[in-house]
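Visitor: Below is the structure I would like to discuss, written out as structure tokens.
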Amino acid sequence: MEPVNSHLFLIVGAALFAIGLAVVLLKRHAIVVLMGIELMFNAVNINLVAFSQYDPDRLQGQVMSLFVMVVAAAESAVALAIVLQVYRHFRTVQLDELNEMKH
């Protein structure tokens, strides 16, 4: 089995990060914004694993990727709890309609 060039992983990672960033900047639904953030975390994970092939131990990038996954899972749990509380109070999760939080 031939090794895959790392530039393909970097292209996929860059594409995922760009899609996630576009979702975060353009969408106004809180859950969709969270999904965009998760896409950006996955892009970072792909890049970490791709760069780990240049590490002589080959574990630092993969361990950092696991750390990013744990942080992303914790972030998702906290963010979903916040979104649920916002929905209970305002009856919407559209970020444009949450004007009371600005004051």
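The values are calculated or read from the model by the stated rules, or taken from the named source; none is laboratory data. All values reported here derive from a predicted model rather than from experimental measurement. No Cβ is skipped: glycine too gets one built from the backbone with ideal geometry, and neighbour counts run over all protein chains shown. Heads up: the accessible areas ignore ligands, DNA and RNA and are worked out on the full protein's heavy atoms, side chains in. Shrake-Rupley method; radii C 1.70, N 1.55, O 1.52, S 1.80 Å.
Visitor: Where nothing but the Cβ of Lys and Arg (+1) and of Asp and Glu (-1) is charged, how large is the charge dipole of the chain around its Cα centre, in debye to the nearest 20?
Guide: The calculation lands at about 360 debye.
Visitor: Also: Given a 1.4 angstrom probe, what's the average accessible area per residue across the chain, in square angstrom?
Guide: Per residue, the chain has an accessible area of 73 Å².
Visitor: If you take the square roots of the eigenvalues of the alpha-carbon gyration tensor of the range 1-91 and sort them as a ≥ b ≥ c, do you get rounded (a/c under 1.5), prolate (a/b over b/c) or oblate? Show your work: numbers first, answer last.
Guide: Working: a/c = 4.80, a/b = 2.00, b/c = 2.40.
It comes out oblate by the Cα gyration axes.
Visitor: Counting helices only, and only those DSSP H runs with n ≥ 4, report the 222 nm mean residue ellipticity of the chain as the sum of -39,500 (n - 2.57) divided by its residues, in deg cm²/dmol to the nearest 500.
Guide: -25500 deg cm²/dmol
Visitor: Take H29, H7 and sort them by solvent-accessible surface of the protein heavy atoms, 1.4 Å probe, largest at the top.
Guide: H7, H29
Visitor: If you don't mind, there's one more thing I want to ask. Give the relative contact order (percent, whole number) for the chain; include only Cα pairs under 8 Å separated by 6+ residues.
Guide: 26 percent
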